[in-house]
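Q: Take a look at the following structure, please.
The values are calculated or read from the model by the stated rules, or taken from the named source; none is laboratory data. Here the structure is a predicted model, which is why all the values come from computation and not from measurement. Note that we place each Cβ from the backbone using ideal geometry, even for glycine, and neighbour counts take in every protein chain shown. Protein only, heavy atoms only, side chains kept; ligands, DNA and RNA dropped before computing areas. Shrake-Rupley method; radii C 1.70, N 1.55, O 1.52, S 1.80 Å.
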Amino acid sequence: MARVRPLSGFPEWTPADRVVEAQVIDSLKEVFRLHGFAEIETRVVETLDRLAGKSDAAKEIYTLGRLGAEPDSEAKLGLHFDLTVPFARYTEEFQNDLAFPFRRFQIQKVWRGERPQEGRYREFYQADIDIVGRDNLPAHLEVEVAVVMARALASLPLPAVTMHVNNRQLVEGFYRGVGIEDVAGALRSVDKLDKIGPDGVRAELTEKGIAVTAADAILELARISATDGSFATAIEDLWATTTTIEDVAGAQEQLSAGIAALVALVEGVNAAVPGTAVADLRIARGLDYYTGSVYETFLQGHEDLGSICSGGRYDSLVAGGGFPGVGMSIGVSRLLSRMLGAGLARANRGVPSAVLVAVIDEDSRAQSATIADRLRARGIACEVSPTAAKYGKQIQFADRRAIPFVWFPDADGDGEVKDIRSGDQTPADADAWVPPAEDARPGIVRP
């Protein structure tokens, strides 16, 4: 028999791992629903022109077609590589059926043809939330989305997270104030701080024609960080000593609005989920797209994993304009990979059964099946032993499957139930007995 070769980038979890995955997804859904987010599901394919757009995403798109189809006989389709593109199409298509501001959450698989590595897959679950307006969107929703995501992550069996936040208005106002016109270009250089360091960023900025004094100023801005509103004073002090343009009023107004928004964000998130948010002026990724708040979330003690949840405020969801919003996205499979690999969580069992009903002999199998059905009728998952072996072997079978209880039938149709972990065995009625709540369903065990 030929050996089956694994296909890299397409994870297939064990039943026990799937228990963890399902509970993670259920926990996220519960938090999102508690905050009024409605669940949607979009089709897995979009037209290639919509998927690729003007981005560099085309090289990562998996195309879809029928074997044997005539060339160019069908629309060119691709599997979605994120949930934002299909959500934009969905909002535009169903705008007359939605009530705005529209609060949506979506947890689906996406496909991306990138090089697989730890925590990065070609097929993976992503979880998004967005609040989208029709013509405008109140700024306080930028705080609310961050709070909801912080609470969603806190519901999972994870170490604490730190949400690093920044604001496009603040950054753009400051950059303009020190004479930088190509803000997006400067941001792309600052985003490389972790890779090439301050000297490398400074060199790259000056190669773009940015003055050394301006480069030093924005590098100094990137060093500012705080878990409360105290960062505002540090920015204002830096601004006072580095501003170079003559017409400073517009940049000053933009800077002040950004500072106020970032203070509200940090203080709002930390009031709801203490110790979560930190103002981090080095956060640049996505600021050339986002127009207000931007978020990058890291798992404490696992910073090597990179950002596990990111997003921000945008002026327009659809390419043609309109639908301002704010959203965040979690790489669920990425998180799950670290949870399982680092032993942060495991399932107490990989099967739904809480009880194995033993079989005295094959002639009495129907009696055991009746007991099992009486338990199932009350929502207790169970199975009947596959063989009428000695009870010791039936107990071993249950133990291998991590089934916590074994039911031993008697002549009257009930019998005794044994907790095979503790050895406790008591008489039981199949119409009344219930397992402890923690044993009723498979669940997550934290170390």
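Q: Given (1) open to solvent by less than 50 Å² (accessible area, probe 1.4 Å); (2) assigned to a loop (DSSP other than H, G, I, E, B); (3) of a type in the set (V, I, T), where does V417 come up short, assuming only one miss?
A: Of everything listed in (1) open to solvent by less than 50 Å² (accessible area, probe 1.4 Å); (2) assigned to a loop (DSSP other than H, G, I, E, B); (3) of a type in the set (V, I, T), V417 misses just condition (2).
Q: Considering only segment 371-398, state which residues are touching a strand residue (DSSP E or B) at 6+ places or on another chain (Cβ under 9 Å), part of a helix (DSSP H, G or I) and touching a residue at least 12 places away in the same chain (Cβ under 8 Å).
A: The answer is I371, A372, L375, Y391, Q394, I395, F397, A398.
Q: For segment 423-439, give me each residue that is open to solvent by 70 Å² or more (accessible area, probe 1.4 Å) and either part of a loop (DSSP other than H, G, I, E, B) or under 18 Å from P352 (Cα atoms) (or both).
A: Across segment 423-439, the qualifying residues are D424, D431, V434, A437, E438.
Q: Kindly indicate whether V359 is modelled with pLDDT of 95 or more and either within 30 Å of L153 (Cβ to Cβ) or touching a Pro at 6+ places or on another chain (Cβ under 7 Å) (or both).
A: In short, no.
Q: Does G301 meet the test of being in contact (Cβ under 8 Å) with a residue 40 or more places away in the chain, on the phi > 0 side of the Ramachandran plot, open to solvent by 60 Å² or more (accessible area, probe 1.4 Å) and of a type outside the set (S, T, Y)?
A: Working: in contact (Cβ under 8 Å) with a residue 40 or more places away in the chain: yes; on the phi > 0 side of the Ramachandran plot: yes; open to solvent by 60 Å² or more (accessible area, probe 1.4 Å): yes; of a type outside the set (S, T, Y): yes.
Yes, satisfied.
Q: Count, please, the residues in segment 184-221 that happen to be open to solvent by less than 10 Å² (accessible area, probe 1.4 Å) and either hydrophobic (A, V, I, L, M, F, W, C) or at pLDDT 95 or above (or both).
A: Count: 11.
Q: For residues in segment 325-349 being in a helix (DSSP H, G or I) and of a type in the set (A, V, I, L, M), which is nearest to the chain's Cα centre (by Cα)?
A: Residues of segment 325-349 that are in a helix (DSSP H, G or I), as a first pass: 332-341.
Add one more test, that the residue is of a type in the set (A, V, I, L, M), and what stays is 332, 335-336, 339-340.
On the way: V332: 4, L335: 7, L336: 10, M339: 13, L340: 15 Å.
Among residues in segment 325-349 that are in a helix (DSSP H, G or I) and of a type in the set (A, V, I, L, M), the one nearest to the chain's Cα centre (by Cα) is V332.
Q: What number of residues in segment 116-165 are assigned to a loop (DSSP other than H, G, I, E, B) and either in contact (Cβ under 8 Å) with a residue 40 or more places away in the chain or buried (at least 21 other Cβ atoms within 10 Å of the Cβ) (or both)?
A: 17
Q: Here's a follow-up. Can you go through S353, S316 and tell me which one is over 30 Å from A279 (Cβ atoms), part of a loop (DSSP other than H, G, I, E, B) and of a type in the set (S, T, Y)?
A: Unique residue meeting the criteria: S353.
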